[in-house]
1. In this structure, does SER171 turn out to be within 30 Å of GLU42 (Cα to Cα) and at pLDDT 95 or above?
2. Only residues that are part of a loop (DSSP other than H, G, I, E, B), acidic (Asp, Glu) and surrounded by 14 or more Cβ atoms within 10 Å (Cβ to Cβ): list them for the stretch 180-234, please.
3. Test PRO72 against the stated conditions and say whether it is modelled with pLDDT under 90 and of a type outside the set (Gly, Ala, Ser).
4. Among the numbered criteria (1) open to solvent by less than 70 Å² (accessible area, probe 1.4 Å); (2) closer than 28 Å to GLU183 by Cβ; (3) not β-branched (Val, Ile, Thr), which single criterion is violated by LEU157?
5. Please state which one of ASP205, ASP192, ASP175 is of a type in the set (D, E, K, R) and under 22 Å from ALA293 (Cα atoms).
6. Specify the residue that is surrounded by the most Cβ atoms within 10 Å (Cβ to Cβ); the eligible residues are those in the stretch 246-292 that are free of Cβ contacts under 8 Å to residues at least 40 places away in the same chain and at negative phi.
7. Looking at (1) in contact with a helix residue (DSSP H, G or I) (Cβ under 8 Å, 6 or more places away or on another chain); (2) assigned to a helix (DSSP H, G or I); (3) modelled with pLDDT of 95 or more, can you tell me which one ALA252 breaks?
8. Among the residues of the stretch 36-60, which ones are of a type in the set (S, T, N, Q) and in contact with a Pro (Cβ under 9 Å, 6 or more places away or on another chain)?
Amino acid sequence: MELEVRHLRALCAIADTGSLHRAARHLGVAQPSLSTQLRRIELELGGPLFLRAHTGCRPTPLGRLVLSHARPLLAEMQLLVVEARAAAGGGTELRIGSTASKALAGWLRRLRAHGQNPTLHMNVSANALLRMVLDGQLDVAFVHEVEGCPLRIPPELRLRVLVEREPQFVSLPVDHPAASKPEVDLRDLAGDRWMIDPTVDGEWDAVQRMFRAADVSPHVLHGDYHTADALVATGEVVTVCQPTRTPRPDMAVRRLKGDPLGVRLLVAARTETALAGVCPALEEAYGEVARQAPAYREWLERAPQGTARLLGSRRPAPDGPRRPPSPALP
């Protein structure tokens, strides 16, 4: 059997949902069919990829290795399809660059519904994306600026602030003692291994400052956040996460006491017109994912008015063309 894209998609679905039953429902296939497919994939790759238990499925070390390669491949394949369809349709592309965000899917969906033709370029480096906008390789960039680590923003670019300060939360194994509380003190995680992605602009410096301020010095591993998710689920590490991260059966998302780590969410373009065409759809998409994240929704409900406004729009994503959105974010 040759490994195909559908097989990689199935493995990622099992890892993301934590069970064969939920993965099968997500993929729209029967569970016995997915189980058979998984066995064939494991036979092809030479070993078990998941540990099955009554609580669900967790990746084995081999599974984590395969997933670390599968996710980027799927992202590249998705980008290839988007760009090919745009080229075949002959429409004008809206070239969007972004750091990781749960709001991306809803944003792209809304832009397409408004008659735009977006393509997506992902990069962990916000500074690299801003440079690409300046150089004309991208039309718009949606990036986060880690608190205390200012981005190198070219003065020629125009900016909009989506969120002035988004608190960063922590993801930890669901059976971790600290997960029993809605808010976690950093000192309760001092004995845990942390995984941090040092390639994210400013991330490692800000996390180090956070540890010093709390007078803790936990053991830190460096790795990307997809790998971190897999290791959190198996109880190996805890990690910083965006507040829009939704919990899973094997992973809890909790606020950090005192909100010691934050980011500013920015949208950059070369013209105000370009910003006006994309920012309202992005705010709607961000508000949607914020409401779907229980810990963040609770945090926002207690936040100052300027941030709590993100919970105000409860309109679903449009299904077709409609009146152009308002040109500016509040």
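The values are calculated or read from the model by the stated rules, or taken from the named source; none is laboratory data. Keep in mind the model is a prediction, meaning the values are calculated, not measured. With ideal geometry, Cβ positions are generated from the backbone for all residues, glycine too; neighbour counts draw on all protein chains shown. Only protein heavy atoms, including side chains, enter the accessible area calculation; ligands, DNA and RNA are left aside. Shrake-Rupley method; radii C 1.70, N 1.55, O 1.52, S 1.80 Å.
1. Details: within 30 Å of GLU42 (Cα to Cα): yes; at pLDDT 95 or above: yes.
Yes.
2. Going residue by residue through the stretch 180-234, those that are part of a loop (DSSP other than H, G, I, E, B) are 181-182, 185, 190-192, 197-202, 215-218, 223-224, 234.
With the extra rule that they be acidic (Asp, Glu), the set shrinks to 185, 192, 197, 201, 215, 224.
Result: ASP185, ASP192, ASP197, ASP201, ASP224.
3. On the way: modelled with pLDDT under 90: yes; of a type outside the set (Gly, Ala, Ser): yes.
Yes.
4. Tallying (1) open to solvent by less than 70 Å² (accessible area, probe 1.4 Å); (2) closer than 28 Å to GLU183 by Cβ; (3) not β-branched (Val, Ile, Thr), LEU157 fails exactly one: (2).
5. Numbers: ASP205 fails: under 22 Å from ALA293 (Cα atoms); ASP192 fails: under 22 Å from ALA293 (Cα atoms).
After applying the criteria, what remains is ASP175.
6. Going residue by residue through the stretch 246-292, those that are free of Cβ contacts under 8 Å to residues at least 40 places away in the same chain are 258, 273, 287, 291.
If we keep only those that are at negative phi as well, we get 273, 287, 291.
Details: THR273: 10, GLY287: 20, ARG291: 17.
The extreme case among them is GLY287.
7. Going through (1) in contact with a helix residue (DSSP H, G or I) (Cβ under 8 Å, 6 or more places away or on another chain); (2) assigned to a helix (DSSP H, G or I); (3) modelled with pLDDT of 95 or more one by one, ALA252 breaks only (2).
8. The initial filter retains those residues of the stretch 36-60 that are of a type in the set (S, T, N, Q), namely 36-37, 55, 60.
Correct list: THR55, THR60.
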